[in-house]
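Derivation of every value follows stated rules applied to the coordinates shown; laboratory data play no part. All values derive from a computational prediction rather than experimental measurement. Note that each Cβ is placed from the backbone with ideal geometry, even for glycine, and that neighbours are counted across all protein chains shown.
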Amino acid sequence: MTNVATLQPDPAPIVACTISRDVQNFDLLIDDMENELGESWGDLSFDDAIVFLGQPDAATLEFVAIAVNAEDEADLGRISDIIRSAKARDIKVVLIADQLGPMALHHLLRLGADDFVPYPLPEGALHDAITRIRMPAPVVAPAPEPEDAQQDQVAAPKFKAKGDREGVVLPVHGLAGGTGASTFAVNLAWELATISKTDAPRVCLLDFDFQYGSAATYLDLPRKEMIFEVLTDTAAIDSDAFLQSMLTFNEKLHVFTAPADMLPLDIISPDDIGRLVDMAASNFDYVIIDMPKTIVSWTEAVLNRAHVYFALMELDLRSAQNVLRLIRALKAEALPHEKLRYVLNRAPKFTDLSGKSRVKRMAESLDISIELQLPDGSVQVTQANDHGLPLSENAAKNPLRREIQKLAKSLHDLNKGVEAGKG
């Protein structure tokens, strides 16, 4: 006769644990853990975690989710010990951070956290993090063939940093979501880099949108791990190391991509940003910066160094309201708002007299001058971005491409005239 006890199902093994001072402070994390793992997870306090990770039962753990907030910054030593204990047992670490200071976050990530997710958790973020850490380790490939080696050599800039340039700094800032700022920045950088077949200027594109930067996507470039090292320790980076963190597109445009993982925008200080922009300007003729839509502490550092600060908008109420907010903020801090050049994307066609009238009324009501109106590039823009190619390579006759090409020529001619005047 079979013992009744043998009919009872074995409890599911614990494959993950949350570790926090008080998990009730992270109720969204509890919900997501239950959705992902059912009953196969547990919860530990900081003190219990140190003890548990030293026991044989910890061998079944795939990962731990360490949840910390601003109150835990005083306890970084104990949290660091937990991360070290987990890594020593080959247990993956997902860091869940709620308003943690950039220095504390940098410290914990440097200890070896395998993934980072901000709190409150974005939709599907924990699922994506668990999927990434469960992916098998990449197989070490054999030594590349000579052709592959050549491609690797092309990936990084070939020239040495001499600091012999005084680059024109041109940030691009979208005043609302979907205004096409990244598309504008990528294509303006490419048009400047290819403006002459015999004497092309040296151009770099810096993607400073550390969370949703898409320059790498629009140019089909990988995101190097070195980007994170540069952003978190700029004091130890010289111009040569900064150049090595970049990639080249078609041997002409040098790109500092956004990091592979989503990072807080304040992980870097104004002084750090200023140092990166200064290094770029001293080694390139043009520095195009794709800015995040958010105004952050280091926006001022970029604005002060900018020669022209492009602000992209659309013909709608949200853009108009954001223009007013931005101007008020800059004036309140006595910042150089006169550097802003307003660019209207998806502007009305020449024959749309009603639309032209709306543009004029909008400019007058905001007391600004809309100096550049870009046509709607339609579906070809999306196709070019998805293919990882500038418009000139994918849709050379597109009206948006033609306008950006004209702007690049105008900027380059103006810069050459200024240099000639200095001479």
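When you count the other C-beta atoms within 10 angstrom of each residue and take the mean per peptide, 371-382, 200-211, 290-301 line up highest first as 200-211, 290-301, 371-382. Sorting 183-192, 212-221 by their mean Cβ neighbour count within 10 Å, with the most densely packed peptide first, gives 183-192, 212-221.
In terms of packing, defined here as the mean over residues of other Cβ atoms within 10 angstrom, the peptides 253-262, 102-111 line up highest first as 253-262, 102-111.
Look at the Cα gyration tensor of the stretch 13-134: its axes a ≥ b ≥ c give a/c under 1.5, and that counts as rounded.
With a cap of 12 neighbouring Cβ atoms within 10 Å, and only residues DSSP puts in a loop, list the GluC sites (Glu not before Pro) found in the stretch 21-77.
Within the stretch 21-77, the qualifying GluC sites (Glu not before Pro) (loop, at most 12 other Cβ atoms within 10 Å) are GLU39.
Other residues with beta-carbon under 10 Å from the beta-carbon of PRO292 carry, at +1 per Lys or Arg and -1 per Asp or Glu, a net charge of -2.
Positive-end ranking of LEU303, PHE350, ILE288 along the dipole of the stretch 156-422, with charges on Cβ about the Cα centre, is headed by PHE350.
Listed values for the stretch 213-224 are Karplus-derived 3J(HN,Hα) couplings in whole Hz (6.51 cos²θ - 1.76 cosθ + 1.60, θ = phi - 60°), namely x, 10, 4, 4, 5, 5, 10, 6, 10, x, 9, 7, and x replaces Gly and Pro. By the count of neighbouring beta-carbon atoms within 10 Å, fewest first, TYR309, TYR342 end up ordered TYR342, TYR309. Taking label points 7 Å from Cα along the Cα-to-Cβ direction, GLU229 and SER45 give a separation of 4.0 nm.
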